[in-house]
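Encoded as structure tokens, the structure appears first; notes follow it.
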Amino acid sequence: GPPKGAMLTHGNVTWMARAVIHDNPIHRSDEVLSFLPLCHIFERLFSVFAHITHGYVVNFVEKPDTVTDNMVEVSPTVGYAVPRIWEKYASATTIRMSDATWFKRLVFSLALSVGKKRADRIMNFQPLPVYLRLMFGLAHFAVLRKLKKRMGLDRIRIAYSGAAPIAPDVLHYFQSIGVNLVEGYGQTEGTGVTCISKADRVKFGKVGPPLHGAEVRIAEDGEILVKSPGVFKGYYKNDAATRETLQDGWLYSGDVGELDEDGYLRITDRKKDIIVTAGGKNITPQYIENKLKASPYINDAVVIGDRRKYLTALIMIDEDNVIKYAQDHKIQFATYKDLTLDEDIRKLIQAEVDQVNTQVARVENVRKFAILPKKLYEEDGEVTPTMKVKRKYVHKAFEDLIEGMYSRASAG
């Protein structure tokens, strides 16, 4: 719908600039790389609010196309990006290793397996045995440090993923290679951050405990409620929307989640996005979509199935990785649309969907999918500045594709 202006006070901003670094300190000697839209609260927090307060160095990219090159040039000590960027880095490594010699693939696989064992223990708050410390040190020296240097992540002390949910497998991957990536959660109405993990206490699939000075509770219907000095003043000239979102000092986030025994928050989905199938089953599409997006060949996915007999998905392919696959397998194409219509590419995506289906309950299986025949652009109002797909737009623009997956002819 139409954008609502969230009124953030000077008090909101100055409190957040200090609270966000309470558990993960940032120093004057630190450097960050600014490349997200400056109109977004996530970028504004690191390149303006916290920067003015703590005085570290902010480097600006030359242009959006040079982000990866500039990352290597600057090699920031504190990183932050939306999930799609982290997913892209992870998938690029996977694809690059598939072209490597058998010896390099073997060595990387061994180093990654050691890293995964280390990450498993770290993310379950278990101590690291001496032998595992030594093995990871060797793996890091021989393999992982070179990989991180090639990505420009070799100096990273801590990195944040925010603005949208990240696939837990991607979070786990970065912890495995020694990049201390943690997930945060929040919204503009809360000045950007509500929960964030400490650098040495990261949980698989959790966004961390509330910020120091913030309070989170779960309503009876599962909605996440927030109270903190960062909660906004209200929506600009929109009293009705303000009354709906701010009640008795609590911010009604519109997200659904749960708190575990350690006070860590897990986001289930957006309240308005939860699917109720024709059989009355409640499905959280975000969980399935994140698993699909973990594939190096899938850029994004929208799961559909509200009041339907089964789930389907609209798939946006990862252009770079799919083009490479097509070239490696001598698949002829002239345009992006040609790729999306090719039967071999469809089989490739089908295999990725099948893999996800083995990891979820039967009722959560994606029975059919359609590959979108065009790329989605922010300029066309199809995605947000932080690369989240606008569901309402996709449902309307590709209505024929959706109905085709539920027609009698395709239901057999």
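The values are calculated or read from the model by the stated rules, or taken from the named source; none is laboratory data. Owing to the predicted nature of the structure, the values given are computational and were not obtained by experimental measurement. Positions of Cβ are generated from backbone atoms using ideal geometry, with glycine treated the same way; all protein chains shown enter the neighbour counts. Surface areas here come from the heavy atoms of the whole protein model, side chains and all, with no ligands, DNA or RNA. Shrake-Rupley method; radii C 1.70, N 1.55, O 1.52, S 1.80 Å.
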Item checked: Cα centroid separation, segment 1-48 to segment 314-348 (Å) -> 39 Å
Checklist line | DSSP-assigned coil residues among trypsin sites (Lys or Arg not before Pro) in segment 1-83, each with at most 13 further Cβ atoms within 10 Å | finding: 28
Next item on the list: Once you have the Cα-Cα distance between residue 201 and residue 54, take 0.36 nm times their residue separation minus that, and quote the gain in nm to one decimal.
Entry: 50.6 nm
Next item on the list: Round to a whole angstrom and tell me the spacing of the C-alpha centers of segment 248-277 and segment 145-224.
Entry: 16 Å
Margin query: Counting heavy atoms of the protein chains only and a 1.4 Å probe, report the per residue accessible area for the chain as a whole number of Å².
Written below: 50 Å²
Note to self: If I ignore ligands, DNA and RNA and count only protein heavy atoms, how much of residue 10 is accessible to a 1.4 Å probe, in Å² to the nearest 10?
What the structure shows: 150 Å²
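With only Lys, Arg, Asp and Glu charged, each at its Cβ (+1 for the first two, -1 for the last two), find how big the charge dipole of the chain is about the Cα centre; round to the nearest 20 debye. Could the numbers behind the result be given before it?
Details: 57 positive and 51 negative charges, 158 e Å.
The calculated dipole for the chain is roughly 760 debye.
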Check: Taking springs between alpha-carbon atoms closer than 10 angstrom, which of 209, 83, 127 fluctuates most in the Gaussian network model of the chain?
Finding: 127
Check: Ordering 40, 329, 395 by how much accessible area each has at a 1.4 Å probe, largest first, what is the list?
Finding: 329, 395, 40
Item checked: Label point 7 Å beyond Cα of residue 62 along Cβ direction - residues of segment 137-154 with amide nitrogen under 18 Å -> 151-152
Check: Across every pair of different alpha-carbon atoms, what Kirkwood hydrodynamic radius in Å does segment 134-244 reach?
Finding: 16.3 Å
Next item on the list: Please find the FRET efficiency linking residue 239 to residue 157, where r is the Cβ-Cβ separation and R0 is fixed at 30 Å, and quote it to the nearest 0.05.
Entry: 0.10
Note to self: Per residue of segment 182-198, what does 6.51 cos²θ - 1.76 cosθ + 1.60 with θ = phi - 60° give for ³J(HN,Hα)? Whole Hz please, x for Gly and Pro, Karplus curve as stated.
What the structure shows: 10, 9, x, 9, x, 8, 3, 4, x, 6, x, 10, 10, 10, 7, 7, 6
Next item on the list: With a 10 Å radius around each residue's Cβ, average the other Cβ atoms per peptide and rank 347-355, 85-93, highest first.
Entry: 85-93, 347-355
Notebook entry, point to check: How many nm is it between the label spots at residue 150 and residue 39, if each spot is 7 Å from the Cα in line with the beta carbon?
Noted result: 3.7 nm
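Based on DSSP H assignment, which helices of the chain show an axial Cα extent of at least 18 Å together with a mean Kyte-Doolittle hydropathy greater than or equal to -1.0?
The answer, listed by residue number, is 83-98, 102-122, 343-357.
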Next item on the list: From largest accessible area down, sort 255, 248; use a 1.4 Å probe on the protein chains.
Entry: 248, 255
Item checked: Contour excess over end-to-end distance, with Cα ends at residue 73 and residue 358 and 0.36 nm allotted per residue -> 98.5 nm
Checklist line | Order by protection proxy (mean Cβ within 10 Å, highest first), peptides 307-318, 94-105 | finding: 307-318, 94-105
Next item on the list: Determine ³J(HN,Hα), in whole Hz, for all residues of segment 252-264 in sequence, where each value follows from phi through the Karplus function 6.51 cos²θ - 1.76 cosθ + 1.60 and θ = phi - 60°; x replaces Gly and Pro.
Entry: 8, 6, x, 9, 10, x, 8, 9, 8, 5, 9, x, 7
Next item on the list: Measure off 7 Å from each Cα along the Cα-to-Cβ vector at residue 335 and residue 219, then give the distance between these two points in nanometres to one decimal.
Entry: 4.6 nm
Item checked: Solvent-accessible area of residue 390 with every protein chain in place, 1.4 Å probe, in Å² to the nearest 10 -> 80 Å²
Check: Between residue 350 and residue 133, how many nm apart are label points set 7 Å from Cα along the C-beta direction?
Finding: 5.2 nm
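Determine the share of the chain's accessible area contributed by carbon and sulfur atoms, expressed in whole percent, with a 1.4 angstrom probe. It would help to have the intermediate numbers written out before the result.
Working: 10760 of 20600 Å².
Result for the chain: 52 percent of the exposed heavy-atom area is carbon or sulfur.
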Notebook entry, point to check: Beyond 38 Å, what share of the Cα-Cα pairs of the chain remains, rounded to the nearest whole percent?
Noted result: 22 percent
